[in-house]
Amino acid sequence: MMASSIKDACTIDTESYPYIYEQNVAIPIKIDGQHTGQPQDIVRCNVYRPKGPEKTTYPVLLTYGPYGKDVPYEVFHPASFAEVDPGQKSEHSCWETPDPLYWTSHGYAVVRADERGTGQSPGVLDTMSRATSEVFFDVVEWAAVQPWSSGKTALLGVSYYAGSQWRVAARRPKGLTAIVPWEGMSDYYRDRCRQGGIFENGFIFFWWNRQVVSNQYGIPNGKWKIEPVDGPISDERRAELRNDQVVDNASNKFRDDQYYSSKEYALEDIEVPVLSVANWGGITVHLRGNVEGYTHAGSKLKYLRFITGRHDLPFFYPEEVEIQRSFLDAFLRNDDREGWSIPGKVPAVDLLLRKGNIGVNKTETERFAFKRRHENEWPIARTKYTPFYMTPNLELGMQKPDLTTPATLRYQALGSEGNAQSFKFMTAPFKQETEITGHVVAHINVSLEATADNKNPSDIDIFATLRHIAPDGAEVLYTGSAGDPVPLCNGWLRVSLRKVNESHPRHRAWLPQRDYLRSDAQPVRPGEVYGVDVELWPTNVVVEEGGRLALEIGSGDLKNAGLFKHDHPEDRPVSTFGGANHIHFGPSVENYVTLPIIPPREG
């Protein structure tokens, strides 16, 4: 596209709404660190700001993402919008972003920018890249110096609009004052794309094709029926102007591949106050990122809040919006009603304790069914990390099995949800109510067997799921990100990437540090036994008296994987992963899962 075709498309409406609405405001961006002054080197945003006396300034809430600043929520996802709290709905409501009507009525300006290469912003579509993070930096600094801005900017949004916050906050743009990453990954490789080293292609394919490519810059009469202000671009040219996440993730496997390494940043560089909101049900896309983002952010003032439910609705619950506003008012409006700005005044961790079987996707029930408890740190200091040992009889208990001879459990490799072979190790009924909150690690001894149909296998993928069984014998399932039923937590490991970096400052016994570098890859030979530690994502459950837990180990995505599948044929070819896998037991071969048991507070 030629520079001459880029238009000044800004319009301002001061009459139609309770706020001033500026559409398609152009923000100059830097290319290779320099402002070029070229008309195509912009991104476009919408600005919603309160009506008030001339020269009044307002703190700014900012989002930057690929879903379309002009796509109405009720068009993007009608069923979800129908369930949003009425107090968070307006004509300019937009998917996963703060509602302008509500926030302008409380004295904030709202800036919603189309990420470069999407919506009305020209350029190359390259989501989650270093380049787009650099543009986000420019957008933050631009918002801080506008005549209607107080100079204080905060980031507030869900999912993509949360994950991008960690990256830009680590760059420390001028004016950035606080962030609220609400259910958003912080580690592109580990949280989202290659969990345990295995490509999570199911959700990425769905997300990329349904929500991102459908909003690429220059689509003529696209899915959302929004005309490109600069005119349409041909299908062929648009294909040249995007980097396909499905293709890129399939062809890059290690964290030091340029594709992944270019996205690296340091959470420790974040200085602004953080309110990280993690959803216990987000067990395959966001949960780990919010917990680890909180843990490693360098901020002196940082808070971790847990919620449950679908990923689209809790952000708009009145009680959650009040938490958002209280936190933001403290740092952007000097109105600290709760003490967020006073170290130690507000407890660092706000837990939600999952007890009982309340059903799945029951919005009103799960809003109020679970009790809250405050803690001063994560993980909880009084945690008792307790091994539960597996036996060849599929038992799971606190006593080490007394095995005098070796034993194995054999299962066919390379399954997928619905046909993956697995073994389920079950505890006896708990004799008393027991809380489990924190990080989970499973130690498993595995080997690979060549078979008649695959004589040269060379790797193993381990899939692990922790399940909660109610006293009546029914599995307790929880609401996942998309409203789907999910178990307690999942974990994954590609055995060729089993190497643990114990010297790394982030390594912990309850959360092994893997670097996933090309040089870390180790051989997996048929017949050799490998003892590996599988990271399962953090979780919480209160197991009632008579309830049980089950650890399921299998060869592919297990039941309730939903959208979040790891079955890309190029990432898991039969030639590499076919054959049979074994779990080994014996006098000196122990398999166990370490659970974070929380004793009651003394007194």
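All of the numbers you see were taken from the coordinates with simple rules; none came from a lab. Since the structure is predicted, the reported quantities are computational estimates derived from the model, not experimental observations. Because the Cβ atoms are built from the backbone with ideal geometry, glycine has one as well, and the counts that use them run over all protein chains shown.
Suppose the chain between LEU403 and GLN522 were pulled fully straight at 0.36 nm per residue; how much longer would it get relative to their current alpha carbon spacing? Please report the intermediate quantities before stating the final value.
Numbers: separation 119, 0.36 × 119 = 42.84 nm, distance 2.98 nm.
So the chain would gain 39.9 nm between LEU403 and GLN522.
Could you compute the FRET efficiency for ASP85 and VAL247, with r as their C-beta to C-beta distance and R0 at 35 Å, rounded to 0.05? Each step should come with its number before you reach the end.
On the way: r = 39 Å, r/R0 = 1.11.
Efficiency at R0 = 35 Å is approximately 0.35.
Counting other Cβ atoms within 10 Å of each Cβ, which trypsin sites (Lys or Arg not before Pro) in region 361-433 have at most 13 and sit in a DSSP loop? Numbers along the way, then the final one.
Values: sites: LYS362, ARG367, LYS371, ARG372, ARG373, ARG382, LYS384, ARG410, LYS424, LYS431; in loops: LYS362, ARG382, LYS431.
Within region 361-433, the qualifying trypsin sites (Lys or Arg not before Pro) (loop, at most 13 other Cβ atoms within 10 Å) are LYS362, ARG382, LYS431.
By average Cβ neighbour count within 10 Å, what is the ranking of 457-467, 588-598 from highest down? Walk me through the numbers on the way to the answer.
Numbers: 457-467: 22.8, 588-598: 19.8.
The most tightly packed comes first, giving 457-467, 588-598.
So what is the relative contact order for the chain, in percent, with contacts set as C-alpha pairs under 8 Å and at least six apart?
In percent, rounded to a whole number, it is 14.
Please list 443-454, 540-551, 230-241 highest first by mean number of surrounding beta-carbon atoms within 10 Å per residue. All intermediate terms of the calculation are to be shown ahead of the outcome.
Numbers: 443-454: 17.1, 540-551: 19.9, 230-241: 13.6.
The peptides rank, most packed first, as 540-551, 443-454, 230-241.
Run the simple label-point estimate for ARG373 and GLN513 please: 7 Å along Cα→C-beta, distance reported in nm.
Modelled inter-label distance: 3.0 nm.
On a 0 to 90° scale, report how tilted helix 160-169 is relative to the longest principal axis of the chain, with both axes built from alpha carbons and the result rounded to the nearest 10.
80 degrees
Once fully extended, how much extra length lies between GLN432 and LYS499, figured as 0.36 nm per residue of separation less the alpha-carbon to alpha-carbon distance? Mind showing how you got there, number by number?
Details: separation 67, 0.36 × 67 = 24.12 nm, distance 3.75 nm.
Additional length available on full extension: 20.4 nm.
Helix 130-144 versus the longest principal axis of the chain: what angle, 0 to 90°, nearest 10, using Cα atoms?
40 degrees
Scan region 270-362 for GluC sites (Glu not before Pro) in coil per DSSP, keeping those whose Cβ has at most 16 other Cβ atoms within 10 Å, and list them by number. Provide the component values of the computation, followed by the final result.
On the way: sites: GLU271, GLU292, GLU319, GLU320, GLU322, GLU338; in loops: GLU271, GLU338.
Answer by residue number: GLU271, GLU338.
To the nearest 0.05, how large is the calculated FRET efficiency for GLU271 and CYS10 if R₀ is 45 Å and r is the Cβ-Cβ distance? Intermediate values should be presented prior to the final figure.
Details: r = 33 Å, r/R0 = 0.74.
Result of the calculation: an efficiency of 0.85.
How much net charge surrounds VAL60 when only the other residues with a Cβ under 14 Å from the Cβ of VAL60 are counted, with Lys and Arg +1 and Asp and Glu -1? The partial results should precede the final answer.
Working: positive: ARG49, ARG112, LYS152, LYS174, ARG333; negative: GLU22, GLU141, ASP329.
Here the count lands on +2.
Once R0 is set to 30 Å, what does the formula 1/(1 + (r/R0)^6) return for the Cβ-Cβ distance between SER105 and ARG172, expressed as a FRET efficiency to the nearest 0.05?
0.45
Roughly how many whole Å is it from the C-alpha centroid of region 1-63 to that of region 493-556?
One Cα centre to the other: 47 Å.
I'd like the projected area of region 384-598, averaged over all directions, using the convex hull of its alpha carbons. Report it in nm² with one decimal.
Working: hull surface 50.6 nm².
Computing the convex hull of the Cα atoms and averaging its projections yields 12.6 nm².
Measuring from label point to label point, each 7 Å out along Cα→Cβ, what is the GLU602 to LYS223 span in nm?
The modelled label-to-label distance comes out at 5.7 nm.
Where does helix 287-296 land angle-wise versus the long Cα axis of the chain, in degrees 0 to 90, nearest 10?
Helix 287-296 sits at roughly 80 degrees to that axis.
Along each of its three principal axes, how wide is the spread of alpha-carbon positions in the chain, in whole angstrom units, largest first?
83, 61, 43
Going 7 Å from the Cα of LEU353 along its beta-carbon direction, which residues of region 360-396 have the amide nitrogen within less than 16 Å of the resulting point?
Counting backbone N atoms under 16 Å from the label point, the list is 368-377, 380-384.
Percent antiparallel among DSSP beta bridges with both residues in the chain, to the nearest 5? Walk me through the numbers before you get to the answer.
Details: 86 of 115 bridges.
Antiparallel bridges make up about 75 percent of those DSSP assigns within the chain.
In the structure displayed, which of LYS174/LYS253; LYS30/LYS565; LYS400/LYS559; LYS55/LYS223; LYS7/LYS565 lie more than 32 Å apart, Cα to Cα? Numbers along the way, then the final one.
Numbers: LYS174/LYS253 35 Å; LYS30/LYS565 38 Å; LYS400/LYS559 29 Å; LYS55/LYS223 40 Å; LYS7/LYS565 42 Å.
Violating the 32 Å Cα-Cα cut-off are LYS174/LYS253; LYS30/LYS565; LYS55/LYS223; LYS7/LYS565.
Neighbour counts of other C-beta atoms within 10 Å: give me MET426, MET185 arranged from fewest to most.
Numbers: MET426 18, MET185 27.
Ordered by Cβ neighbours within 10 Å, fewest first: MET426, MET185.
When Lys and Arg each count +1 and Asp and Glu each count -1, what net charge do the other residues less than 12 Å away from ALA278, Cβ to Cβ, add up to? Provide the component values of the computation, followed by the final result.
Values: positive: ARG288, ARG305; negative: GLU183, ASP191, GLU292, ASP350.
Around ALA278, the charge tally is -2.
Tell me what the chain gives for mean residue ellipticity at 222 nm when only DSSP H runs of n ≥ 4 count, each as -39,500 (n - 2.57), the sum divided by the residue total, rounded to 500 deg cm²/dmol.
Details: 13 runs with 100 residues, N = 603.
After summing the helix terms and dividing by the residues of the chain, the value is -4500 deg cm²/dmol.
Give me the net charge of PRO379's neighbourhood, meaning all other residues with Cβ under 12 Å from the Cβ of PRO379; Lys, Arg count +1, Asp, Glu -1.
Cβ neighbours under 12 Å give a net charge of 0.
So which GluC sites (Glu not before Pro) in region 355-391 pass both tests, a DSSP loop state and at most 16 other Cβ atoms within 10 Å of the Cβ? Please report the intermediate quantities before stating the final value.
Working: sites: GLU364, GLU366, GLU375, GLU377; in loops: GLU377.
Those that pass, being in a loop and sparsely packed, are GLU377.
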